[in-house]
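Visitor: Could you have a look at this structure, given as structure tokens, before my questions?
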């Protein structure tokens, strides 16, 4: 059984124990780098609760800090947890964190993660509006998308 990561009763992700605990530990370590509380609880009974607004603020602050650094090792060490955090930010906030062009490749990596929820079967599929604004949809069919939306093709 894996960890269950939720926000306000909504399951966001169900990683394995090892992956989930590593992510939580990394996020707590990055609090000092971001200069903001993460909103991510400690693991309790195989569950982690995320305070959505606090987490979204944290991810944006982390993106700002990583975008400003010229320390390549810091960027390399923070890249993995940032990508997972960016994908969770997308699920929670409905948009991607604001990043400098230097971090665009990290967002592209985050888009490919998916972060499935094993118990609910939800796998986010990313949609993009004709104006270019990205929104999260959970396993939509093309027919279920609102007018003006299309499924995001990762090859575009």
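No value in this document is a laboratory result; all are computed from the given coordinates. Remember, it's a predicted structure, so these values are computed and weren't measured experimentally.
Visitor: Averaging over all projection directions, find the projected area of the Cα convex hull of the stretch 4-120 and quote it in nm² with one decimal place.
Guide: Computed as one quarter of the Cα hull surface, the answer is 6.7 nm².
Visitor: If each residue of separation counts as 0.36 nm, what is the full-extension length gain between residue 33 and residue 100 once their alpha-carbon separation is subtracted?
Guide: Fully extending the segment from residue 33 to residue 100 adds 22.4 nm.
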